[in-house]
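Below: the structure, in structure tokens.
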Amino acid sequence: MRPGKPGDENAGKCWAAGRIVGTRMETIHIVGGGTRNFQLCQATADACGRRVVAGPIEATAIGNVMMQAIAAGAVGSIAEAREIVRLVLRWLSMSRRSTRGQWDGAYEKWLEVTGRK
């Protein structure tokens with residue numbers, strides 16, 4: 001199955017996002033409260049066929065603190081702030097399991113039920 005072809009909505013959205021930025025997205029980052037939902041993160045990895053990195057939970061607050069640190073001169077750049085966050089915080093990483101056929105089947109059923117097929 002090629003990404004973006006009916007196979008599931010998430011894979012199509014992942015493919016479309018990659019076209020917008022001009023590159024194939026190899027990793028999907030999930031931040032905020034959704035990172036607490038392991039099933040959501042794993043399902044995203046399975047459906048999109050991509051590695052998913054989950055965290056941090058408090059992404060907005062951390063981003064705010066890092067921007068203040070940059071403004072105060074304590075951190076030199078956004079790139080440096082990102083590196084600090086990457087090194088200091090815990091991240092959860094999930095890879096696609098071999099459930100592609102199940103996702104394709106569920107999507108085909110959804111197309112039938114919604115009359116889109």
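The values are calculated or read from the model by the stated rules, or taken from the named source; none is laboratory data. Because the structure is predicted, anything quoted here is derived from the model rather than measured. For neighbour counting, all protein chains shown are included, and Cβ atoms are generated from backbone atoms with ideal geometry for every residue, glycine included.
Structure values in brief
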{"read-out": "Filtered residues of the stretch 44-59 (kept if in contact (Cβ under 8 Å) with a residue 40 or more places away in the chain, in a loop (DSSP other than H, G, I, E, B) and at negative phi)", "value": "Arg50"}
{"read-out": "Ala74 assigned to a helix (DSSP H, G or I) and modelled with pLDDT of 95 or more", "value": "no"}
{"read-out": "Failed condition for Leu111, given (1) part of a loop (DSSP other than H, G, I, E, B); (2) touching a residue at least 40 places away in the same chain (Cβ under 8 Å); (3) not β-branched (Val, Ile, Thr)", "value": "(1)"}
{"read-out": "Selection within the stretch 84-99 - touching a strand residue (DSSP E or B) at 6+ places or on another chain (Cβ under 8 Å), hydrophobic (A, V, I, L, M, F, W, C), within 19 Å of Glu58 (Cα to Cα) and outside any loop (DSSP other than H, G, I, E, B)", "value": "Leu92"}
{"read-out": "Test: Ala81 is part of a helix (DSSP H, G or I) and closer than 30 Å to Arg116 by Cβ", "value": "no"}
{"read-out": "Within the stretch 72-101, considering residues that are in contact (Cβ under 8 Å) with a residue 40 or more places away in the chain and surrounded by 13 or more Cβ atoms within 10 Å (Cβ to Cβ), the one nearest to Gly49 (Cα to Cα)", "value": "Arg96"}
{"read-out": "Any hit, the stretch 14-37, residues being touching a helix residue (DSSP H, G or I) at 6+ places or on another chain (Cβ under 8 Å), in contact (Cβ under 8 Å) with a residue 24 or more places away in the chain, of a type in the set (Gly, Ala, Ser) and in a loop (DSSP other than H, G, I, E, B)", "value": "no"}
